[in-house]
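Here is the structure we will look at, set down as C-alpha cells.
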Amino acid sequence: MKRLHPILLLGIAMTAAAPAFAEYPAKPVRVVIGFAPGGASDIAFRMVQDELSKRLGQPVVPDYKPGANGNIANDAVASAAPDGYTLLWANVGPLAVNQYLYANNKLDPAKAFAPVTQLTDSPLVVVVPKDSPYKTMGDLIAAARSGKPLTFGSAGNGSSMHIAGASLSIALNASMTHVPYKGSGPALTDLRGGVIDVLFDYMVSSTPHLQAGAIRALAVTGERRLAALPDTPTIAEAGYPQAQTTSWSGIFVPAGTPKPVVERLARSVEKALASDTVAAYARDYGSEPLIGLSQEKFGEFLREEVARWKTVVERANVQVE
C-alpha cells in the first residue's frame, strides 16, 4: 500500500476540518461565569446575551460556577474541550490577580486561555447603605482612621473590589475589615441590610439599588464622573487618588481553540457590542463597551494588567490560602 505524501495528508485534513469550522456553532454555546447570579458579571452577560445569540445563530447560555474569585470557573474552562462551545466570561480578578493572590493556585491564565475580545472597562463605585452615617468619602475615611471597626465587602478575595478597598486602607493608614462574597449580588444584599458598612462595587450591579434609593454613592474610582452619577465625585476629586482604578471584563476560550472559531466568536461579540441596544444599556449602567479590540491588542493589554496587579497585590500584602 502506497503512503500518501505528508503535504497531501495535510491538505486532506484541512479540507475535512473546513466544513466543521464553517458550521460553527452547530449547537448552543455555554458561557461559564465565576460569580453568583445577580452580580456585575451576570448583568453584563445578560446585556449582550440576546444579541450574541442572534449573531451566532445558536442560544448562548450562562453556566454559573461561583467561588474562589473565579478560580472554579477558570479550572472548568481550562479543562474543557477547545472547540468553541465553552467560553469563559472573566474580569481582572480571575485573569490578572488570582495567580498572585492564591498560594495554591497553579493555573496560569496566559497559558490556559486564549483571549477572544475585551468587553467593558468600568470604574467602581463606593456605596454605603441609605441610612449610613457616612455622607462623603471624607466621613468614611475619618471613621476608619479613628479606629472605628468598619467592614467593606467585595465579590471575592482578589477581586478588583477587594484590592481597591485594601489599597485604600493601606495607603491612608485606615483600618477596614474585608468581607468576601461569591459575587457582588450577595454583597449588595448584605450592604442593604447593614451587615457591611461599605462596598466597592461595579456600577452595573449597584445601579438598580441606587435608583431604588436603597444605597448611596460616595465616589467613583475612575478618572471621570459617570453620566449616570453626575453629582458623585471621582475618588481623586474626593481627595483619595490612591484608590483610582477600573475593572475590565472579557471573553476567553481554552488554549488550542481553532483560530477560525475564535475569529467567528470575536466578530460576533463585536457586532453585538456595536448594537444600539447593548451600547445604550451599558452606558445607562456606567459601563462603556469596547468595540474592535483585536485579539493581539487584548493579549498585550492582559500582559500589562498582570504586571500591574502583581505589584498592587505585593504592596497590599494580600494572600489567600
Checklist entry - Yes or no: Asp139 in a strand (DSSP E or B) and among the charged types (D, E, K, R)? => result no
Checklist entry - If you check Ala76, Ala155, Ala103, Ala68, which single one turns out to be outside the structural domain of Glu223 (by TED's automatic domain parsing), touching a residue at least 60 places away in the same chain (Cβ under 8 Å) and either under 28 Å from Leu265 (Cα atoms) or touching a Leu at 6+ places or on another chain (Cβ under 8 Å) (or both)? => result Ala68
Checklist entry - Inside region 124-151, can you point out the residues that are under 27 Å from the mean Cα position of the chain (by Cα) and closer than 17 Å to His209 by Cα? => result Leu124, Val125, Val126, Val127, Val128, Pro129, Lys130
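Suppose the filter is surrounded by 18 or more Cβ atoms within 10 Å (Cβ to Cβ) and at pLDDT below 90; does Gly292 pass it? Let's see the steps before the verdict.
Numbers: surrounded by 18 or more Cβ atoms within 10 Å (Cβ to Cβ): no; at pLDDT below 90: yes.
When the stated conditions are applied, Gly292 does not pass them.
For (1) among the aliphatic types (A, V, I, L, M); (2) closer than 22 Å to Ser206 by Cβ, each residue gets a yes or a no:
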site	(1), (2)
Ile33	yes, yes
Pro37	no, yes
Ala40	yes, yes
Arg46	no, yes
Leu56	yes, no
Pro59	no, no
Asn71	no, no
Checklist entry - Within region 102-125, can you find the residues that are under 18 Å from Gly183 (Cβ atoms) and buried (at least 22 other Cβ atoms within 10 Å of the Cβ)? => result Leu119, Thr120, Ser122, Leu124, Val125
Checklist entry - Which of the residues spanning region 167-195 are among the aliphatic types (A, V, I, L, M) and surrounded by fewer than 24 Cβ atoms within 10 Å (Cβ to Cβ)? => result Ile170, Ala171, Leu172, Ala174, Met176, Val179, Val195
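Does region 160-172 hold any residues that are within 22 Å of Ala143 (Cβ to Cβ) and either part of a helix (DSSP H, G or I) or modelled with pLDDT of 80 or more (or both), and which are they? Don't jump to the end; show me each part of the working.
Going through region 160-172, the residues within 22 Å of Ala143 (Cβ to Cβ) turn out to be 161-172.
Met161, His162, Ile163, Ala164, Gly165, Ala166, Ser167, Leu168, Ser169, Ile170, Ala171 - these are the residues of region 160-172 that are within 22 Å of Ala143 (Cβ to Cβ) and either part of a helix (DSSP H, G or I) or modelled with pLDDT of 80 or more (or both).
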Checklist entry - Taking region 214-255 only, how many residues are among the small types (Gly, Ala, Ser), under 16 Å from Val204 (Cα atoms) and touching a strand residue (DSSP E or B) at 6+ places or on another chain (Cβ under 7 Å)? => result 6
Checklist entry - Just wondering, is there one or more residues in region 189-200 that are out of contact with any strand residue (DSSP E or B) (no Cβ under 9 Å at 6 or more places or on another chain) and under 22 Å from Ile33 (Cα atoms)? => result yes
Checklist entry - In region 208-241, which residues are farther than 15 Å from Lys130 by Cβ and among the hydroxyl-bearing types (Ser, Thr, Tyr)? => result Thr221, Thr234, Tyr240
Checklist entry - List the pairs whose first member sits in region 262-284 and is closer than 11 Å to Ile251 by Cβ and in contact (Cβ under 8 Å) with a residue 60 or more places away in the chain, whose second member is among the hydroxyl-bearing types (Ser, Thr, Tyr) and surrounded by 15 or more Cβ atoms within 10 Å (Cβ to Cβ), and whose Cβ atoms are under 6 Å apart, counting only residues at least 6 apart or on separate chains? => result Ala266/Thr117; Val269/Thr117
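The values are calculated or read from the model by the stated rules, or taken from the named source; none is laboratory data. Everything numeric in this text was worked out from a predicted model, so none of it was measured. Positions of Cβ are backbone-derived with ideal geometry, glycine not excepted, and every protein chain shown enters the neighbour counts.
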